[in-house]
Amino acid sequence: MLKLDTKQIFADAIVELAKTKPLDKITVQNIVDHCGAGRQTFYNHFKDKEDLIAYVYISDENKCLEQLKADYSLKERVKLIFDTFIKKKQFYISAYSSSGQNALADVIFEHYFDFYTNIIEDKFGKESIDEKLKEAICFCCYGSIGYVRYWMKEGMRIPSEKMAEIMTDNIPERLKKYL
């Protein structure tokens, strides 16, 4: 069973377990028991449970990107990610609410900081990123994460299309001109 795609099997297991139990109550042992695997198999693929949670997010985002055309807009990308959050509601609410070392919010911050930085560097060169632009990127990333937490806490009642609009409309002006 584990030969097919071991990482994805563990990812599916934690998402499934999150439907009935908060992530902070799910142990690596729960995950491997759910899969019928051994702990060492888990640790051959992930450092810890938080690494698996980050993998689920990055994997989901990559699947969203695969659905888009080469000329996708940022709003389209964001909408697909919110669709995924809604589809895996219990997992993402729990993942976003956790804090501490290697929390998903930290992973997402680093991921999007690198995403925005790479877009700007590719289009305008590395020297175009000064301290003021780095501050705008940080503000955008932290603000987005905070608003998504609020959206999740309120039960994800705002549709994904509207959330994508809110997120893209509120990118700081200093950053918006680069995107």
Cross-chain or 6+ apart pairs with Cβ under 7 Å, the range 118-131 first and in contact (Cβ under 8 Å) with a residue 40 or more places away in the chain, then among the polar types (S, T, N, Q) and loosely packed, with under 14 Cβ neighbours inside 10 Å: 120/128
Complete set of residues in the range 107-132 that are aliphatic (A, V, I, L, M), in a helix (DSSP H, G or I) and more than 28 Å from residue 49 (Cβ to Cβ): 119, 120
Helices (runs of 4 or more DSSP H) lying entirely in the range 1-106 (those with 1 or more residues that are free of Cβ contacts under 8 Å to residues at least 12 places away in the same chain and of a type in the set (Lys, Arg)): 39-45, 74-87
Tally, over the range 33-82, of residues that are under 19 Å from residue 148 (Cβ atoms), surrounded by 16 or more Cβ atoms within 10 Å (Cβ to Cβ) and basic (Lys, Arg): 2
Residue list for the range 125-160, restricted to those being surrounded by fewer than 13 Cβ atoms within 10 Å (Cβ to Cβ) and more than 19 Å from residue 94 (Cβ to Cβ): 125, 126, 127, 128, 130, 131, 132
Residue 84 under 22 Å from residue 169 (Cβ atoms) and modelled with pLDDT of 90 or more: yes
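The values are calculated or read from the model by the stated rules, or taken from the named source; none is laboratory data. Please read these numbers as outputs of a predicted model, since none were measured by experiment. No Cβ is skipped: glycine too gets one built from the backbone with ideal geometry, and neighbour counts run over all protein chains shown.
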